[in-house]
Amino acid sequence: MTLRVVLVDDEPLARAALAAILEDQPDVEIAGESASAADAVRVVRTLEPDLVFLDIALPDHDGFWVLEQLAGRQPAIVFVTAHSDRAVKAFEVRALDYVTKPLRRHRVEEAVARARERTSPPPDGRRAAGGPLTLKTDGTLRLIDQDTIDWIAADDDHIVVHASGGRWRARETLQEVERRLDPRRFVRIHRSTVVRLNRVRELQPWFHGDYVAILHTGAKLRVSRTYRERVARFLGRDL
């Protein structure tokens, strides 16, 4: 399957650098380019690409404005920007990925790989990750919308799901549950904790290279050194 891509950046050299990386991908077709937010909306609506590499800082409006105009008809979005402080907001609007300038080839290739996963049908007719998380609690099979989950913690031989202001405990391992979560939205931050990234408000340095993730609910979760690189890949920047 060919991925049809649109590049949106007001800097011609930036578009050329990105195009040079993408041209090495055999299944990627650059369907169009744009240098402004308003034109980007027109181009995306006309061409209906699978993937858009979208600069956040555009001369007329920002990249988030573009998403607002495309509501309901939004392709996979990868934000491209020189500023790494917009990462959390990017994931709040369900961006597929976030790549910082200067561009690194492996980060662009990772974003393309994620787009392939999103646009390809699941093998053998299986449903792709992202559906409701099913848990057996107190003999009842409970379906929890993944969009409502804040974080999941291991608790001995059980897990505790924090979602919609409530808590549900089930006899499962965190590893088993993690396999059923959408990998584009959930990340392991500690051996005993998985978090939905767009519920994170900020990351604060802590001791010995660890960080503390502060959620919009006010919950504070430790990001251990072991998983720090994984979180950094999600954010498209070093921690």
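The values are calculated or read from the model by the stated rules, or taken from the named source; none is laboratory data. Small disclaimer: the values here were computed from a predicted structure and weren't measured. Backbone-built Cβ (ideal geometry, glycine too); neighbour counts: all protein chains shown.
The condition of being at pLDDT 90 or above, of a type outside the set (Asp, Glu) and touching a Leu at 6+ places or on another chain (Cβ under 6 Å) holds for residue 170.
In the set (1) of a type outside the set (Gly, Ala, Ser); (2) in contact with a Phe, Trp or Tyr (Cβ under 7 Å, 6 or more places away or on another chain); (3) under 30 Å from residue 105 (Cα atoms); (4) surrounded by 17 or more Cβ atoms within 10 Å (Cβ to Cβ), residue 227 fails one condition alone, (2). Evaluated against (1) in contact with a helix residue (DSSP H, G or I) (Cβ under 9 Å, 6 or more places away or on another chain); (2) among the hydrophobic types (A, V, I, L, M, F, W, C); (3) at pLDDT below 85; (4) surrounded by fewer than 18 Cβ atoms within 10 Å (Cβ to Cβ), residue 71 falls short on exactly one condition, (1). Of all residues in segment 99-116, those satisfying the criterion of being in contact with a Lys or Arg (Cβ under 8 Å, 6 or more places away or on another chain) and either closer than 24 Å to residue 68 by Cα or at pLDDT below 85 (or both) are 99, 100, 114.
Taking the conditions (1) at pLDDT 95 or above; (2) closer than 15 Å to residue 65 by Cβ in turn, residue 33 satisfies each one other than (2). Restricting 91, 53 to residues that are surrounded by 14 or more Cβ atoms within 10 Å (Cβ to Cβ), of a type in the set (Phe, Trp, Tyr) and modelled with pLDDT of 85 or more narrows the list to 53.
Note on segment 158-182: among residues that are assigned to a loop (DSSP other than H, G, I, E, B) and either loosely packed, with under 14 Cβ neighbours inside 10 Å or in the same structural domain as residue 94 (by TED's automatic domain parsing) (or both), the one that is farthest from the chain's Cα centre (by Cα) is 171.
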